[in-house]
Amino acid sequence: MRSHWGNCVTHFDEQVNDFIDDYFGQPDRRCFLVAAAGFDERSQIIGKALARKLGDRLHALFVREERGDTSANLRAAADANEATLRTLIKDSQVEPITIFDAADNAPVGGNRLASVLSKVELPKDTTDIVLDMSALSMGIAFPAAKILLEMSERSQKLNFHFLIASNPELDASIVGEPGEKVQAVRGFSGNSGRETELPKARIWLPQLAHKRRGALERIKTSLTDLYKVCPVLPFPARDPRRADFLIEEFGDEIRGEWAVDSRDFMYVSEKNPLDSFRSIEMLKERYDKTVLDIYEPQLILSPVGSKVMAAGAMMAAIKYDLTVQYVEVLRYDIDETANLVPQMDIVHVWLDGPIYDGYV
């Protein structure tokens with residue numbers, strides 16, 4: 001199972017539009033979409049593309065992530081996106097998900113999303129499930145992907161896809177205030193049910209991203225007995241110097257407490273999630289062989305930056321039951337001074353379905 005993931009069917013940019021036209025244009029296709037109805041301008045892109053081709057054969061569940069103390073501008077943007085999506089897709093519902101518990105401010109968004117999805121009944125004759133990760137936070141997107149994938153894998157007919165409208169410069173302009181608590185993403189605590197007397201040898205893979213130092217510092221403080229820190233950097237990237245800028249931004253940590261050897265950086269494509277997946281898969285396989293019967297190897301992922309790179313890490317975490325540590329965001333703001341690039345990179349990954357029957 002999942003042996004095909006290193007060679008999934010993928011499409012990029014204009015190829016995605018062609019795929020949507022050819023594949024979802026078939027009259028027997030019935031699609032169920034899960035996506036965000038938030039302030040991020042990417043909330044509408046995938047929904048519009050699918051609605052244009054599928055019409056009333058498209059059904060949707062939109063997640064409205066609710067955090068306290070949201071600015072009036074961001075709430076107005078989310079309201080506008082929600083109204084547009086409701087108009088585009090008539091057979092749709094919007095589910096507000098409160099990310100923090102009102103009683104003790106504990107992050108509970110993943111659990112509440114799981115409760116919502118557990119009650120979902122797919123429309124009759126649904127052939128495809130699509131997860132639009134473009135504007136969902138990691139604490140929501142990762143559990144959604146795992147639950148929807150399991151739903152697809154239980155069926156012999158369903159297909160599961162995820163799509164991302166990616167803009168790394170826009171990601172960097174969205175500034176999040178990290179919460180206090182470090183925890184595993186819901187469903188990604190790792191190594192479930194495994195018992196061993198061997199000492200653990202942990203490798204932490206923090207995905208470096210602009211203005212994410214606070215979150216990564218808190219995650220690092222929570223981790224003990226780390227054997228290595230292997231920062232994940234975007235290369236190739238739309239800005240060919242992005243990796244250099246991040247190494248400079250995180251220089252104190254890299255040279256200091258993290259003690260990163262120059263050979264331990266992991267460079268993965270900012271555009272192709274399979275590159276991230278394959279790199280982590282290769283590291284795990286080699287590390288497992290190296291410490292076999294001496295240590296219990298454990299990879300800990302913290303994909304806090306690019307959605308595309310994070311999606312590849314998510315695939316690796318699902319396939320190998322890896323731990324994903326993160327800090328939930330208390331509130332978001334927009335850096336109005338950021339130098340944005342309007343171009344959106346669109347990615348499609350066909351993760352599961354009858355197309356892979358018999359894959360060896």
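The values are calculated or read from the model by the stated rules, or taken from the named source; none is laboratory data. These numbers come from a predicted model, not from an experiment. Positions of Cβ are backbone-derived with ideal geometry, glycine not excepted, and every protein chain shown enters the neighbour counts. Just so you know, the surface numbers come from the protein's heavy atoms only, side chains and all, with ligands and any DNA or RNA stripped out. Shrake-Rupley method; radii C 1.70, N 1.55, O 1.52, S 1.80 Å.
What to note about this one:
- Residues of segment 261-279 satisfying the condition of being touching a residue at least 60 places away in the same chain (Cβ under 8 Å) and open to solvent by 10 Å² or more (accessible area, probe 1.4 Å): Met266, Glu270, Lys271, Asn272, Arg278
- Residue, surrounded by the most Cβ atoms within 10 Å (Cβ to Cβ), within segment 33-78, restricted to residues that are farther than 15 Å from Leu163 by Cα and β-branched (Val, Ile, Thr): Val63
- The residue that is farthest from the chain's Cα centre (by Cα), among those in segment 203-226 that are open to solvent by 50 Å² or more (accessible area, probe 1.4 Å), under 26 Å from Glu296 (Cα atoms) and free of Cβ contacts under 8 Å to residues at least 60 places away in the same chain, is Asp225.
- Candidate set from segment 333-358 (those that are open to solvent by less than 80 Å² (accessible area, probe 1.4 Å) and part of a loop (DSSP other than H, G, I, E, B)); member that is farthest from Ser137 (Cα to Cα): Gly358
- Subset of segment 136-157 (residues that are more than 19 Å from Ser92 (Cβ to Cβ) and either open to solvent by 10 Å² or more (accessible area, probe 1.4 Å) or without any contact (Cβ under 8 Å) to a residue 12 or more places away in the chain (or both)): Ser137, Met138, Lys146, Glu150, Glu153, Arg154, Ser155, Gln156, Lys157
- When the residues of segment 187-202 are filtered to those that are surrounded by 10 or more Cβ atoms within 10 Å (Cβ to Cβ) and of a type in the set (D, E, K, R), the one that is modelled with the highest pLDDT is Arg202.
- Any chance Phe162 is touching an Asp or Glu at 6+ places or on another chain (Cβ under 9 Å) and not hydroxyl-bearing (Ser, Thr, Tyr): yes
- Checking every residue in segment 122-135 against the condition of being modelled with pLDDT under 95 and open to solvent by 40 Å² or more (accessible area, probe 1.4 Å) gives at least one match.
- Among the criteria (1) open to solvent by less than 20 Å² (accessible area, probe 1.4 Å); (2) of a type in the set (S, T, N, Q); (3) not in a helix (DSSP H, G or I), the one Asn105 does not fulfil is (1).
- If the condition is being among the hydroxyl-bearing types (Ser, Thr, Tyr) and in contact with a Leu (Cβ under 6 Å, 6 or more places away or on another chain), then segment 278-303 contributes only Tyr295.
- The strands (runs of 3 or more DSSP E) found wholly in segment 147-249 and carrying at least 3 residues that are in contact with a strand residue (DSSP E or B) (Cβ under 7 Å, 6 or more places away or on another chain) and small (Gly, Ala, Ser) occupy 174-184.
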